[in-house]
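Worksheet for the structure shown next.
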Amino acid sequence: MAGRLDLDVIGVESFQADPSIELILRTKNKCEVSASVPRLLVCDHVSRVDNNTDILTISDMSRISYESIKRKVKPNLGLEILISNARLLDARELGRWVVQAKSLHSLCLSTRCQFIISSGAQSIFEMISSRTFESILRTLEIPSSIYWNKLSEWLSSKDSARFVKSL
């Protein structure tokens, strides 16, 4: 399956970094990883956000307080929502999810955070197509070219900040 998707490494605990592999590790803890491998530290609860946190994953937007996010966020933090959480919602709840996603996007713009939409896929069968992803962006009234450019710039800034820290 990895060969079909053109992936070099999938979900491994540890590996020897190969400079030819373009890979960013998502980690939930502060374990030491080779400095040559870029990584993003992910947190799934607002109270655990600290200066090292790169991404706050918001799994249930209805339970999150925007005031608590405003207090804990720092510029350049990624606020991530998962499409997989919206897949099982009925029509009314899905409408509420869209409204909450729009307000989270507005919060990101006002606090200079990066808005991240992820499929939340736990397996290949949960992945979504690029057309579906673009449709979701359109529904959220986010121009796709701007979204992808900002996300790319954000990832580059994270990578360059780590490079400066390691010097």
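Nothing in this text is a laboratory measurement; each read-out follows from the coordinates by a stated rule. If you're wondering where the values come from, they're calculated on a predicted model, not measured in any experiment. We place every Cβ from the backbone using ideal geometry, glycine too, and count neighbours over all the protein chains shown.
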Q: Collect residues whose amide H, placed 1.01 Å from N in the peptide plane, falls under 5 Å from the amide H of LEU40; neighbours closer than 5 in sequence don't count.
A: LEU25, ARG26, THR27
Q.
With bins 5 Å wide starting at 0, give me the P(r) of the range 38-167 over every alpha carbon pair, in whole percents.
A. 2, 9, 20, 23, 21, 15, 7, 2, 1, 0, 0
(Q) Going by amide H atoms built from the backbone, whose H comes under 5 Å of the H on ASN76, apart from near neighbours? (A) CYS113, GLN114
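At R0 = 25 Å, how high is the FRET efficiency between SER135 and ASP60 if r is their beta carbon distance? Nearest 0.05 is fine.
Computed FRET efficiency for SER135 and ASP60: 0.65.
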